[in-house]
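In what follows, a structure is listed as structure tokens, so that the remarks can point back to it.
The values are calculated or read from the model by the stated rules, or taken from the named source; none is laboratory data. What you see is a predicted model; the values in this text were computed from it and never measured. Using ideal geometry, Cβ is built from the backbone for each residue, glycine included, and neighbour counts are taken over all protein chains shown.
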Amino acid sequence: MGKYEDVKLLGDWPSPFSMKPRIALNLKKVDYELIVEKMNPKSELLLKSNPVHKKIPVLLHRGKPVYMDFRPPILPADPYDRAIARFWAAYIDDKWAMQVRDINKANTDEERAAAAELIFAGVQLLEEAFQTCGKGGNWFGGDNVGYVDITLGSYLAWIRVTEKMSGLKILDGDKFPQLAAWADRFCAEEAVKGVMPETDKLAEFAKTLMMKLKAASPAK
Amino acid sequence: MADEVVVFRVWDSPFSYRVELALALKGVNFRRAEEDLKNKSSELLLYNPVHKKIPVLLHAGKPIAESLVILEYIDETWKQNPILPVDPYERANARFWATYVDDKCLEILWRACWTRGEEQQKCISEAGERLRTLETALEGKKFFGGDTIGFVDIVVSFLTPWMEVLQEMARIRLLEEENYPRLCRWVRDFSSCDVVKETRPPREKLVAFFATLKPPN
């Protein structure tokens, strides 16, 4: 067992929320001090430790608050579901996004077709992953926008630009209905609207960038 | 067994080693499923259809792929001897350095050992810079994880014995004591940990193995 020093829990016996960490700490045989927080009035310690929510329970480890965030978490609770989410985020970041970008490098019809095949194979995987992760909900994260939604979603503007510039419909609603619907849904989210660049604006930026790159490197 | 833990691995891979070291640190019993990468098992292809690579962790029938993802899963599933720090900022820091190692160090270190001539000199120089940066993460600490081995230590474990063997074969010295005192000390401290000694592949076996690989063109 690991050594845990100086663990304090701000909570109270009637609170069902305080019970969860207390049971967990007891199961792990971790010694802790329960600091009874009556909530009325809220103690200095509570206000200092959890200024955002001003709620219990608050776990203090070596004096530093680890407070329970009551907003929907970005990563799922279950370790296996978290692993799956991390896996797909890594796949998107490390593999698929590169494949999407690479279609711009295709010079011949053959190269283009090969690049497109790779991209579509990936979209198919993601369409299936949406079912597995989302478990019937609107998002990869289920009922709430989650880690994979944010990862894939942040590429949407660039995907739209690539579609425009290559003439290839990547998130084709006929072939990939779930993802196409998801993409529209994501762009319509409050949290996303102010942040997602406009396709035309980004396309202009991409053209300028590509011209600069072409000017910098010798033709192959 | 319902809770069985299986690691699909190859004995010489530093990536599957990460997983085995993490499980050993936590005292978790597991079965090793040795793969022949030239003849991958149907199980491996079933459990990692996307990448078809090792390592894969199979826990109670559920597969997880990608070594960093597996490490996080291990830390979240078995809570004793934590690999990642508790503090969110420190966790972010640990993840930062782990990603730095994987994205910025691995390939260039490998290429420094396998290329020749002018290209090798370039790789050695670039690798040297990356190692210099990595060393800063050890400031004031015995291990990247502090007093005990943690996430970043596990991720950077390929430095010993893999990189040692490869450097010897390539007849180059990247980790010179005068230039990288902290990293060299880390190698010694890390190597002297019982859990590392008990789990790492034998050096001689790695030497023999790498000798059979031809340098890539």
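In table form, for the structure just shown:
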quantity	calculated
Some residue of the stretch A:150-162 being within 22 Å of B:S67 (Cα to Cα) and within 14 Å of chain B (Cβ to nearest Cβ)	yes
Hits in the stretch B:1-23 - residues which are within 20 Å of B:P82 (Cβ to Cβ) and in a helix (DSSP H, G or I)	B:Y17, B:R18, B:V19, B:E20, B:L21, B:A22, B:L23
Spans of strands (runs of 3 or more DSSP E) in the stretch A:1-86 with at least 1 residues over 26 Å from B:G27 (Cα atoms) and either at pLDDT 80 or above or among the polar types (S, T, N, Q) (or both)	A:7-11, A:33-36, A:58-61
Of all residues making up the stretch B:59-100, the number that are surrounded by 15 or more Cβ atoms within 10 Å (Cβ to Cβ), outside any helix (DSSP H, G or I), within 11 Å of chain A (Cβ to nearest Cβ) and hydrophobic (A, V, I, L, M, F, W, C)	4
Those helices (runs of 4 or more DSSP H) lying entirely in the stretch A:143-220 with at least 3 residues free of Cβ contacts under 8 Å to residues at least 12 places away in the same chain, surrounded by 14 or more Cβ atoms within 10 Å (Cβ to Cβ) and not charged (D, E, K, R)	none
Inter-residue pairs, beta-carbon under 7 Å, first without any contact (Cβ under 8 Å) to a residue 12 or more places away in the chain and in the stretch A:79-104, second surrounded by fewer than 22 Cβ atoms within 10 Å (Cβ to Cβ) and of a type in the set (S, T, N, Q), 6+ apart	A:P79/B:T77
The stretch B:34-52, residues that are surrounded by fewer than 17 Cβ atoms within 10 Å (Cβ to Cβ), of a type in the set (A, V, I, L, M) and touching a residue at least 24 places away in the same chain (Cβ under 8 Å)	B:L37
Per-region count, the stretch A:112-133, residues touching a helix residue (DSSP H, G or I) at 6+ places or on another chain (Cβ under 8 Å) and more than 14 Å from chain B (Cβ to nearest Cβ)	6
